[in-house]
1. State which residue pairs qualify: first residue among the acidic types (Asp, Glu) and inside region 35-46, second residue surrounded by 13 or more Cβ atoms within 10 Å (Cβ to Cβ) and not in a loop (DSSP other than H, G, I, E, B) in any location, beta carbons under 8 Å apart, and separation of 6 or more residues or different chains.
2. If residue 31 passes every condition in (1) in contact (Cβ under 8 Å) with a residue 12 or more places away in the chain; (2) part of a helix (DSSP H, G or I) but one, which one does it miss?
3. Based on this model, can you work out whether residue 36 counts as more than 11 Å from the chain's Cα centre (by Cα) and among the basic types (Lys, Arg)?
4. (1) out of contact with any Asp or Glu (no Cβ under 9 Å at 6 or more places or on another chain); (2) surrounded by 13 or more Cβ atoms within 10 Å (Cβ to Cβ); (3) not acidic (Asp, Glu): which one isn't true of residue 39, the others all being true?
5. Regarding residue 74, is this residue touching a Leu at 6+ places or on another chain (Cβ under 7 Å) and crowded, with 16+ Cβ neighbours inside 10 Å?
6. Quick check on this structure: which one of 85, 62, 34 is buried (at least 17 other Cβ atoms within 10 Å of the Cβ) and either in contact with a Gly (Cβ under 7 Å, 6 or more places away or on another chain) or more than 30 Å from residue 124 (Cα to Cα) (or both)?
7. Taking residue 130 and the conditions (1) surrounded by fewer than 17 Cβ atoms within 10 Å (Cβ to Cβ); (2) in contact (Cβ under 8 Å) with a residue 24 or more places away in the chain, which numbered condition does it fall short on, given that it satisfies the others?
8. Looking for something touching a Pro at 6+ places or on another chain (Cβ under 6 Å) and not aliphatic (A, V, I, L, M) - is there at least one such residue anywhere in region 76-91?
Amino acid sequence: MFEAWYLRSENVTEQEETLRLALRNLSDEQRSLFYKQYATQIKDPDTYAALNWFFVSGLHNFYLKEWLAGILDLMLMLIGCILLFFIMPLGVALLILVSVIELPALFRSQIIVADYNNKLGWRLLKPLQNMP
């Protein structure tokens, strides 16, 4: 949820390069298996950004399987919308708060999704490294 605030592109790029180097140490068969699994699970930064742009309600979190953050965003958005009818200033404040928290994620979608894909790559690589 707050990864847009703390992720550094240099670190993500370094992790990606380390993953590439680790993949070079695999056999051709292991590498092929890795890429078959990886290709079906990687996420697209443009889809993430579109979900964030059109639906600030947290759908972009669900896209990256961040269920808790997605539910929290969705609940805050719904509560803010409901409060617009009863206590308008509080509803507006809540909607602005959610927007301020999530707006950086829109502009940093490339780096956030690259970080997710790096973590996915490492998760898929570990079992392959232990194979004989």
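1. Sorted first by the residue in region 35-46, then by its partner, the pairs are 44/113; 46/109.
2. Against the list (1) in contact (Cβ under 8 Å) with a residue 12 or more places away in the chain; (2) part of a helix (DSSP H, G or I), residue 31 comes up short only on (1).
3. The answer is yes for residue 36.
4. For residue 39, the failing item is (2).
5. Criteria not met by residue 74.
6. Going through 85, 62, 34 in turn, just one is buried (at least 17 other Cβ atoms within 10 Å of the Cβ) and either in contact with a Gly (Cβ under 7 Å, 6 or more places away or on another chain) or more than 30 Å from residue 124 (Cα to Cα) (or both): 62.
7. (2)
8. Within region 76-91, none of the residues are touching a Pro at 6+ places or on another chain (Cβ under 6 Å) and not aliphatic (A, V, I, L, M).
Values in this text are rule-based calculations from the coordinates and carry no lab data. Given the structure is predicted, the values throughout are model-derived calculations rather than measurements. Virtual Cβ from ideal backbone geometry, glycine too; neighbours counted across all protein chains shown.
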